[in-house]
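Written out below as structure tokens is the structure these notes cover.
The values are calculated or read from the model by the stated rules, or taken from the named source; none is laboratory data. Everything numeric here is computed off the predicted structure, so don't read it as measured data. With ideal geometry, Cβ positions are generated from the backbone for all residues, glycine too; neighbour counts draw on all protein chains shown.
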């Protein structure tokens, strides 16, 4: 009841349109954070990606845009904007600055509708290295499962090489966490990324077993020859 009275007072003071704008502003800000800050490692926009730019209560500035090979989009009124190599959060700040000349306190939400590349690459000490098709960003655990697992389960570090060349070192302890819990959102592979599992030293038990077998047979032959000579 108190909330309704507060909204009515805002209506009387600012007018219904302005009061509703203030009332829904926190909701849109929450959406903004969920879109752009939901992951610890954010995706870097690249040519070929399709993005959706929404400006609250301003459909004339909202729409879908495909990033051209030169890394730009053509935006209404503003014109050419460089967007490749930016994250959604960085682009939101840029768009808010550019739109401030046309919209009072613009609320901008940016989402990725389609990725240009839909493949990731898995190399190194895994059972089945190669390129794999994905339809959404996936965590490291799923990527390891896709390639059949790692050859050495005691591996300590996995590397993620981003499409822009950035390297992220993943401590496998942080993947699995403690007491059976794991963090699936901290390390995510996006289209175009490469996961590299470094080679690690493993005791060649098969070779050792073969050598011991040969030594055992040789020893038996020597002992048998010695018994015959007596």
Requested in this report: Go through 111, 101, 85 for me and flag whichever is closer than 18 Å to residue 42 by Cα and outside any strand (DSSP E or B).
Outcome: 85
Report summary line: Residues of region 39-64 being part of a strand (DSSP E or B) and closer than 28 Å to residue 139 by Cβ, in sequence order, are 50, 51, 52, 53, 54, 64
Query raised in the report: Is it true that some residue in region 20-39 is at pLDDT 50 or above, touching a helix residue (DSSP H, G or I) at 6+ places or on another chain (Cβ under 8 Å) and not assigned by TED's automatic domain parsing to the domain that holds residue 135?
Result: no
Query raised in the report: Restricted to region 123-147, and to residues that are exposed (fewer than 13 other Cβ atoms within 10 Å of the Cβ) and in contact with a strand residue (DSSP E or B) (Cβ under 7 Å, 6 or more places away or on another chain), which residue is modelled with the lowest pLDDT?
Result: 133
Requested in this report: Output the residues belonging to region 158-169 that are assigned to a strand (DSSP E or B) and either surrounded by fewer than 16 Cβ atoms within 10 Å (Cβ to Cβ) or in contact with a helix residue (DSSP H, G or I) (Cβ under 9 Å, 6 or more places away or on another chain) (or both).
Outcome: 158, 159, 160, 167, 169
Query raised in the report: Hey, among the residues in region 74-99 that are within 27 Å of residue 194 (Cα to Cα) and out of contact with any helix residue (DSSP H, G or I) (no Cβ under 8 Å at 6 or more places or on another chain), which one's modelled with the lowest pLDDT?
Result: 85
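Looking at residue 155, is it in the same structural domain as residue 193 (by TED's automatic domain parsing), farther than 15 Å from residue 194 by Cα and either buried (at least 17 other Cβ atoms within 10 Å of the Cβ) or in contact with a helix residue (DSSP H, G or I) (Cβ under 9 Å, 6 or more places away or on another chain) (or both)? Give the steps one after another, and end with the answer.
Details: in the same structural domain as residue 193 (by TED's automatic domain parsing): yes; farther than 15 Å from residue 194 by Cα: yes; either buried (at least 17 other Cβ atoms within 10 Å of the Cβ) or in contact with a helix residue (DSSP H, G or I) (Cβ under 9 Å, 6 or more places away or on another chain) (or both): yes.
In short, yes.
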Report summary line: Given (1) touching a strand residue (DSSP E or B) at 6+ places or on another chain (Cβ under 6 Å); (2) exposed (fewer than 13 other Cβ atoms within 10 Å of the Cβ), residue 91 misses just (2)
